[in-house]
Amino acid sequence: MRLYVHIPFCRRKCTYCAFFSQKLIYESKEFFLAGLEHEIRRRAGEVAQTGIRSIYFGGGTPSVLDIPDLERIVTAIHREFSVPDGLEFTLEGNPESLHSRDYIRGLKQLGVNRVSMGLQSLNPERLEILGRLHTARQGLDALRTVQDAGLENVGVDLIWGLPGQTPAQWLEELKTVVGYEPKHISCYGLSLEPGTELSGRVRAGELILPGEAEQARMYIYGAEYLECAGMLQYEISNFARMGFCCSHNLAYWQGEDFLGLGPSAVSTLNGYRVQNAANIKDYAHAAEYGPGMEKWERISGEKALQEMIMLSLRTSRGLSLREYRQASGREFCTVYRNLIQALYDNNLIRIANGYLRLTKNGMLVSDAIIGRILDSKWEM
């Protein structure tokens, strides 16, 4: 089982972010930490026979917490769960809170052996548009600080398709970041989430995004450049050097069980999905006295098959036709034969060695392709 902990605090909300987070203040932090300790005890009893295979602290910005606060969480996890030595333990962070070697050494002492750093951009104007608190120089310096402190398994997040960005600028940013030799790079196309400040500015015409053709070149050329630089693409947005894929996220795309702790965190266990309350006080109350604020969903039958398709097609491995047949009793290529032929003719999919996978062009429009498959009526 994989363990995810949502740390719901940031120094400031980024303009594009729709995840649950709020400004770090002492009272809220104490409510959160107490609630999290209660939830760890309660949820450990539900999965007592299951060992932890990876840990991921996401957010929010987990690195805004001091080492003693993080130690409090890690101690509770070790007290209640079976945590093997050397498992992948990732902590997300931003450059402005990952600039101290002492802090990085503290993370290592807690067992953190992988850091995912949010650089997002190396352009000053676009960093300001995104609401980031660091400069490009500070971001690259923080990356080097983490590496020099002995934590070599560092991944960075970047966003393409930003206002005013050109394919040439995007490739130059990738070239600069690759020069720092991170083990992992996540490249996310800008997503305009409803209710975010950035989405409102684009809708109002204040900011103009690159056109579809330019965005397509950013994705295709960027992926080709990273692979030429030794970064293997293993998922639509993720590239890693050999042996440094994020096993935690791979497990998610492969449909493994997850236990999510913290406000707004999602768990997928034994065919059910449950989401915690996205409010710290409500979450803390439910964590101590019961799951009254949680949302439940049964994942079975066609819903489970749809999720298998959706998650598998995000990976470079693709959808196992044998696993689909075993789960459904149907042949995927027969059920969707006309759609599959159209996708193949347009160089959007390939079928080889028992797997159906998206091409680079297919990954660019993956949401549309997966949506078509899920919405299609059987063609038998």
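Only the coordinates and a few stated rules stand behind these numbers; no lab work does. What you are looking at is a predicted structure, and each value in this text was computed from that prediction instead of being measured. For neighbour counting, all protein chains shown are included, and Cβ atoms are generated from backbone atoms with ideal geometry for every residue, glycine included.
Some observations on this one:
- Selected from E27, E193, E181 as most flexible by GNM, with the chain as the system and alpha-carbon contacts under 10 Å: E27
- Under 26 Å from K303, Cα to Cα: lysines that are on another chain or at least 8 residues apart: K295, K377
- Kirkwood radius and radius of gyration were both taken over the C-alpha atoms of segment 162-221, and their ratio Rg/Rh is 1.03.
- Taken along its principal axes, the alpha carbon cloud of segment 301-375 reaches lengths of 30, 22, 21 Å, longest axis first.
- When shorter helices are ignored and each DSSP H run of at least 4 residues is given -39500 (n - 2.57), the per-residue value for the chain at 222 nm works out to -13000 deg cm²/dmol.
- Fluctuation leader among H78, H38, H285 - the chain, Gaussian network, Cα springs under 10 angstrom: H78
- Nearest-0.05 FRET efficiency for K303 and R105, computed from C-beta distance (R0 35 Å): 0.20
- Alpha-carbon centroid distance for the pair segment 313-380 / segment 1-62, whole angstrom: 35 Å
- Cubic angstrom per residue, convex hull over Cα atoms of the chain: 148 Å³
- Rounded to the nearest 5, the antiparallel percentage of DSSP beta bridges internal to the chain is 40%.
- Prolate/oblate/rounded label for segment 188-347 (Cα gyration tensor, a/c 1.5): oblate
- Debye-sum result for segment 1-122 in log10 I(q)/I(0), which assumes one identical scatterer on each alpha carbon, at q = 0.10, 0.15, 0.20 Å⁻¹: -0.30, -0.69, -1.21
- With a threshold of 19 Å on the Cα-Cα distance, the over-threshold entries among K183/K360; K29/K281; K13/K175 are K183/K360; K13/K175.
- Dimensions (Å) - segment 186-241, Cα atoms, principal axes, largest first: 40, 21, 12
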